[in-house]
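We did not get these values from a lab; they are worked out from the coordinates using the rules stated. Note that the coordinates shown come from a computational prediction; the quantities given were computed from them, not determined experimentally. No Cβ is skipped: glycine too gets one built from the backbone with ideal geometry, and neighbour counts run over all protein chains shown.
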Amino acid sequence: MVHGAAAWSEASLAIPVGDLPGDARRLVADEWRHDGARQHAAIAAFLVHAQNLVALGAPPTLIADASRGALDEVRHATACFAIARSIDGEDASPSAFPQIFEASAVPDDRVMALALMAEDALVDGALSQHVALRVLSRLAGRARTADLRAVLQRMAEDEERHAAQSWDVISWCVAMGGDAVRATVLEAELPGRLLSEVTPLALDGRWEPWGIPGERLAAEEYARARALVDAKRGTLRRRHVLGHPRPKPGVPKPLCG
Ligand SMILES: [Fe+2]
């Protein structure tokens, strides 16, 4: 984090979030800046993902989705830093992120590369982005101002699209890589929601009107998103057991719904 640098916090207009108790202003603004840094890392993740899709010969729709996802995350990151500045007046921008280069290697073995991509899409996309969209939707309903509500709703819509696109990627990887990739998706261990995602001071939900989730809200929405992912994996398993035909190569097919 680079404090005093305005490139990202000024990129969005001021986003008033309503009055906060004086001693909480700095803490809530810091939470938004941390979220901005996470959104900045998500830009890198989408860019690497788009590059890997090109490397594996993916169809144009998937590459376009990933590229647009990076632009969505630019908007999310600037909104987060702008919200923080609206709260405590401090300009900040994300630090440089050279780690992007560490994540960009694709294994030479094509099936292994497809399996890794499918697993990433399951954990970081289908699950994490589904949790995010649900948490953001509920926070939008509790937002103190119309400006904050609009930002949260727009982010939720973006995350909903990203989560759906992750299933398209998983379907394509399975169609291309066959049973080994399918097995990876079915057996992948999904992370439990980490308590560290909710800052201790926000655990009781006191900052939810300012867009910071509490423990209960975060746990409920993790459980709902997890149930949906488990149900979709169940569909994938049953299709395989029943011997349904595989999707035609190059044509992503939704797993269900
Ligand atoms: Fe985002």
### Query
Assigning unit charges at the beta carbon (Lys, Arg +1; Asp, Glu -1) and nothing else, what dipole magnitude in debye, to the nearest 20, does segment 2-241 show about its Cα centre?
720
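Equivalent ellipsoid semi-axes for segment 2-241, as square roots of 5 times the alpha carbon gyration tensor eigenvalues: give them largest first, rounded to whole Å.
Largest first, segment 2-241 gives 34, 21, 14 Å.
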### Query
Ranked highest first by the average count of other Cβ atoms within 10 Å around their residues, in what order do 166-175, 57-66 fall?
166-175, 57-66
### Query
In which sequence would 189, 221 go, from the one with the fewest C-beta neighbours within 10 Å to the one with the most?
189, 221
### Query
For segment 16-144, with only Lys/Arg (+1) and Asp/Glu (-1) charged at the beta-carbon, what is the dipole magnitude about the Cα centre, in debye rounded to 20?
480
#### Entry: Among 95, 122, 52 - extreme Cα towards positive end, dipole of the chain, charges at beta-carbon
122
### Summary
Between residue 95 and residue 123, the FRET efficiency computed from the C-beta separation at R0 = 30 Å comes out, to the nearest 0.05, as 0.75
### Task
For every helix of n ≥ 4 consecutive DSSP H residues, a contribution of -39,500 (n - 2.57) applies; sum these over the chain, divide by its total residues, and give [θ] at 222 nm rounded to the nearest 500 deg cm²/dmol.
-21500 deg cm²/dmol
### Task
List every residue whose amide H lies under 5 Å from the amide H of residue 2, counting only residues 5 or more places away in sequence or on a different chain, with H placed 1.01 Å from N in the peptide plane.
93, 95
### Task
Extending each Cα 7 Å along its Cβ direction at residue 110 and residue 54, get the distance between those two points in nm, one decimal.
2.0
#### Entry: Value of D in µm² per second that Stokes-Einstein yields for segment 142-200, Kirkwood Rh from Cα pairs, at 37 °C (0.692 mPa s)
225
### Task
Could you tell me the distance between the Cα centroids of segment 1-65 and segment 126-185, to the nearest Å?
15
